[in-house]
Amino acid sequence: MNITQITETLQSFFEAHRIIFWSDADGEFSESLPDILPDGVAILRVQETGALAAKIRLELDEPQMKFLVYTPQAQPEADKDWLLDVRKYSKNFTADAASLLLNELGLQAQTLRDYLKRRKAFFAGKDRLARLKQQKIDAFDGECELDKKMIAVTVRADQPETFTILLKLFTSWLDEAERENAAPPEFVPVVFKELIKYDLFEAFWNLIRETFGYQSAQPNLYELAAHLFVTDFARHASDKLPNHLKPLFLESSNGGLNASVFLANWRNNVAHQENYRKIAEIVEREINAADWIEKIEARNLTECETFEIVERRVIRDLRDRLLASLPSDTSDWRNLINARLDRFWARGAENSYSAVYAALNAALEFQILRDRYETGFTYPNAAAIFSAYENDLYKFDQTYRQFCEFSGRIQFAGWDVLKPLTANIENAYGNWFLENLAIAWGKAVEHEKLFENWKIEGAANQYDFFRKYVKPLAIESAERKIYVIISDAFRFECAEELTRMLNTEARKNNNALLEANLSALLGVVPSYTALGKAVLLPFETIDYKTINPNADVLYTDGVSSAGMPNRNSVMNKHNGLATTSEEFIKLGKEAGREFVRDARIIYIYHDLIDSIGDSASSESETFDAVRQTLGELRNLVNYIFNSLN
């Protein structure tokens, strides 16, 4: 018989009797009685009203009403039963809760009857019973399995697994402590009181002991957390624990392994990662980790990710090594940086620690380059310098820019860990690389009298861009559309990074049709924005016209190249058009296709870096503008390729 069957049985009894007596000796159904009661029947709890008041209500006040007369105790002896005369013309009903539960849960073992009686407080709630049935009760579950599932129901864990239960408990512990503005180490969550109420508290700690080997005369969640975190740290750090922490180490090898697996799972669980950070901070503070982790050599911590302070210790060590002379082989440094980037505290593109490691990696590559060119830049001619920059020297600009970008994020976050390294990189870049390369280039330009004939063997000039790169493609196929994206102040080293991004993305998406290639042009002199943009347009002649004392305008084939409407007019003569990237990409697929339908050559202008770098108020944001530009240009290429192709 189950709860539904009780209701049906009572219903059938009430068809023949107005009054039913139910003496529930152990009070097992006291809480669930309203859910059991058939419709149209009133409950009369004699222990609350008293026998005389009950008798008056039954026979005088409501003589037509159907009543379930309930007492949470055994039926009294006849000489002590004040309602004996009423009982004689009514019906008695009894139910065995243990039998009901065995049937309702589908359990086979009759030996569980006493166990189920001991858990009567848990089963008194219909909601708890319903949620327990959702835990996939097996017909042959024993006491331990049932306890585990009841604990999961009580703490509202999704699964009756030890790790899931514990994760839920830690979450409740933190959330309640924050709401109560209480210190978590001493705080006891409400759910613990529920475990005690349902006689599951001891079963929970037995489960913890069996899983982790943790036991205490007065077990609590903070002490458990401290054991788990300290054990995980000790298992991954190649150093001895301080003596005062040894009592927190879980001696059981299996328990220690489970502790590390549990914390690793916790760190990988996106929904609970913030709670991991909070509890790690609590334990780190309570065990005074800052006082002793700094004394451990960083190389003994490279496999550890238990505490945040470990990350800071490893970072400071890498910084200090970069401030000294580099060894001949730095592959282990690269491997360490890449490994730490995949660890918990540095995971995520917007993470401060990932920015630190990215800055350290850029600094390492910059230092390696400097050591390679320790003797300076000596080349036979300008063409050799041009080729060297195109193939290798651009990396100085790239690694410097990347270092500044990522170290800037750290400074913005208020951490000056890279301050001494920043001074070194700035000095090397400005006073060594730029100065020495400028001297080498200046000598070559002067020696070869390049200002008299601005050409370098093997390099195309910027003013030949349309004739060399665009026009041949247009002639090759009358059906082809050619898109030219012009991003002002987007340096060669930035283009190299974009090239790698596009090719990596194409390989990842198995896109064999998209391939990015990179080559350099010899820029124009004097080098300024208006001239640079003008010579990229199709033209036969280019002229200056003075509009006012402070402004010259460049004309290509007699048409002004200043402003988007004029550039569009120039392109119209060549079956093309010109537009800005902002206006172009927001068109969307259908409008975009209509916009370019009659054009063969589409010039798209993008100038985020130039607009930010040219303003004194925003100049400091230039490095972030490069990162944003890389993303915008990638999106622009994907838009053209996927929506307009």
Descending principal axes extents, the stretch 293-348, alpha-carbon based, whole Å: 32, 26, 16
Restricting to lysines and to Cα separations under 30 Å from K468, and discarding same-chain partners fewer than 8 apart, the set is K395, K443, K449, K455, K481, K533, K545, K573
At 10 °C and 1.306 mPa s, grab the translational diffusion coefficient of the stretch 421-545 from Stokes-Einstein with a Kirkwood Rh over Cα pairs, rounded to a whole number in µm² per second. 89
Carbon + sulfur, % of accessible area of the stretch 197-350 - ligands and nucleic acids excluded, 1.4 Å: 44
Which order do peptides 98-108, 466-476 fall in by mean Cβ count within 10 Å, highest first? 98-108, 466-476
Please compute, over every Cα-Cα pair in the stretch 1-158, the percentage with a separation greater than 23 angstrom. 43
Share of accessible surface on carbon and sulfur in the stretch 1-151, whole %, 1.4 Å probe and ligands ignored, is 50
Semi-axes a, b, c in Å (a largest) for the stretch 440-510, each sqrt of 5 times a Cα gyration tensor eigenvalue, come to 31, 21, 10
Write down the accessible area per residue of the chain in Å², having rolled a 1.4 Å probe over the full set of protein chains. 51
Using a probe of 1.4 angstrom, how much of the accessible area of the stretch 436-551 is carbon and sulfur, in percent? 53
Quick one: compute a quarter of the convex hull surface over the Cα atoms of the stretch 80-216 and quote it in nm². 12.3
Mind checking which lysines have their C-alpha under 21 Å from K148, skipping anything on the same chain fewer than 8 residues away? K117, K120, K126, K133, K136, K168, K193, K197
Can you give the log10 of the normalised intensity I(q)/I(0) at q = 0.09 Å⁻¹, computed with Debye over equal Cα scatterers of the chain? -0.92
Across the Cα atoms of the stretch 1-77, what radius of gyration and what greatest pairwise Cα-Cα distance (Dmax) are found, in Å? 12.2, 35
Shape parameters for the stretch 218-370, alpha-carbon atoms, Rg then Dmax in Å: 16.5, 61
Using the Cα centre as the reference, give the magnitude of the dipole from point charges on the C-beta atoms of the chain (Lys, Arg: +1; Asp, Glu: -1; all else neutral), rounded to the nearest 20 debye. 820
Can you give the accessible area of I425, probe radius 1.4 Å, in Å² rounded to 10? 0
Hey, if you drop one equal point scatterer on each alpha-carbon of the stretch 500-645 and run the Debye formula without solvent, what base-10 log of I(q)/I(0) do you get at q = 0.12, 0.17, 0.19 Å⁻¹? -0.65, -1.22, -1.37
So if the hydrodynamic radius of the stretch 41-125 is defined as the Kirkwood radius over C-alpha pairs, what does Stokes-Einstein give as its diffusion coefficient at 10 °C and 1.306 mPa s, in µm² per second? 104
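The values are calculated or read from the model by the stated rules, or taken from the named source; none is laboratory data. Please read these numbers as outputs of a predicted model, since none were measured by experiment. In this analysis, Cβ positions are derived from the backbone assuming ideal geometry, glycine residues included, and neighbour counts consider all displayed protein chains. Please note that ligands, DNA and RNA were not included when accessible areas were found on the heavy atoms of the full protein model with its side chains. Shrake-Rupley method; radii C 1.70, N 1.55, O 1.52, S 1.80 Å.
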